[in-house]
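Below is one structure, written out as C-alpha cells; the observations come after it.
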Amino acid sequence: MKSYFLTILTILAMNDPLFSQDTVSKHIRNKNQDEIQTLFSHKDHHAKMVLGWYVSPTASVTEFGDKMAFMPGIEGGVILNHFFSIGLAATITANANNLYFKRVQDTMGANFIGGYAGVKMEFSVFPKFPVHFSFPILIGGGASAYIHQYDYDYANGYDFGHKNYYKDCEVLDWNTFFVLEPGIRAEINIVKFLRFWVGATYRWVPDYHFHQIKYESDFMNNFNLGAGLKFGKF
C-alpha cells in the first residue's frame, strides 16, 4: 500500500511541471488574444475595452466627369468592442479651379463644387493585429453646384487682380443628392493611440440631376482612393 501511494506521488510530481507549463501557455495565449499589437510599441497594450472612440482627418482623390478632384475630409465616431464603429464623415471638393467644364450653359463655362456627409459605419477584421482590414460604408447626402466666375481667365487661371475668386460669380445650377459609398481599407496600428489607413471606396449617387443643366447620369459615380490617420482610444 505504501509503495502504491509513493508511486502515485511520483507520477503526480512528474506531471506537475507539464501541468504548470500548459497552464502558463494557455494564460499567455489568452493574454495575447486580449492585447492589441502595434507596429512601434515596445509592449502591447491591453484591449479590455468595450467602448472607444476615434477622429480621423482624411484625403482622397477621385474624378467628376473627366476632371481629377482632391477631396479632404474628416470622420469620427465611437468604437464598439474593437470590431465595429459608427459615427459621422464629411468631405468636400478642394480644387474647384481644376474642375472647370466648358459650355455648361450655352457657351458659358463653370466650375463644379460640392461635398457630402453622412453616417459612417465600419467593420474591422482582426483589429488587434498590427495590420488588418476594415469595410466602411457611408450613407448620407450632399450638394453640388456649377459656378460661373465673371472676370476670370479660365485658360490662364487668374482673376484679373481680384483677391476673391468668387467676388463676381453666378450659380448656374445646383442640386442635392443621396450618396451610398462602400469600400475597403488596409489599416496599420502604429502606436496604441494612432493608426494609418489606405483604401478605396465607390461613390454611388442614384438619380443624380441638375434642375436646368444637361448632365451625364453617371457623373458622380466613381471610385475614391484615400488615406488618413486615426487618433483615438481603440
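Descriptive notes on the structure:
- Of the residues making up region 182-209, those that are in a strand (DSSP E or B) and farther than 20 Å from Ser56 by Cα number 1.
- Qualifying residue in region 133-141 (condition: within 22 Å of Asp173 (Cα to Cα), exposed (fewer than 14 other Cβ atoms within 10 Å of the Cβ) and not hydrophobic (A, V, I, L, M, F, W, C)): yes
- Top-ranked residue of region 210-231 - restricted to ones that are surrounded by 14 or more Cβ atoms within 10 Å (Cβ to Cβ) and modelled with pLDDT under 85, ranked as farthest from Thr62 (Cα to Cα): Ile213
- The set of residues from region 193-207 being more than 16 Å from Ser124 (Cα to Cα) and at pLDDT 90 or above comprises Phe193, Tyr202, Arg203, Trp204, Val205, Pro206.
- A count restricted to region 77-87 and to residues that are touching a residue at least 40 places away in the same chain (Cβ under 8 Å) and either closer than 14 Å to Ala145 by Cβ or assigned to a strand (DSSP E or B) (or both) stands at 3.
- Number of positions in region 212-234 that are over 30 Å from Gln37 (Cβ atoms) and aliphatic (A, V, I, L, M): 2
- Any pair with Cβ under 6 angstrom, 6 or more apart, that starts in region 88-111 at a residue that is in contact (Cβ under 8 Å) with a residue 24 or more places away in the chain and ends at one that is crowded, with 18+ Cβ neighbours inside 10 Å and of a type in the set (Lys, Arg): Ala89/Lys120
- The sole residue among Lys102, Lys67 that is modelled with pLDDT under 95, loosely packed, with under 14 Cβ neighbours inside 10 Å, assigned by TED's automatic domain parsing to the domain that holds Glu181 and under 24 Å from Cys169 (Cα atoms) is Lys102.
- Boolean, Phe177 is in a strand (DSSP E or B) and surrounded by fewer than 16 Cβ atoms within 10 Å (Cβ to Cβ): no
The values are calculated or read from the model by the stated rules, or taken from the named source; none is laboratory data. Just so it is clear, the structure is predicted and the values come from calculations on it, not from any experiment. Ideal geometry is used to build each Cβ from the backbone, glycine not excepted, and the neighbour counts take in all protein chains shown.
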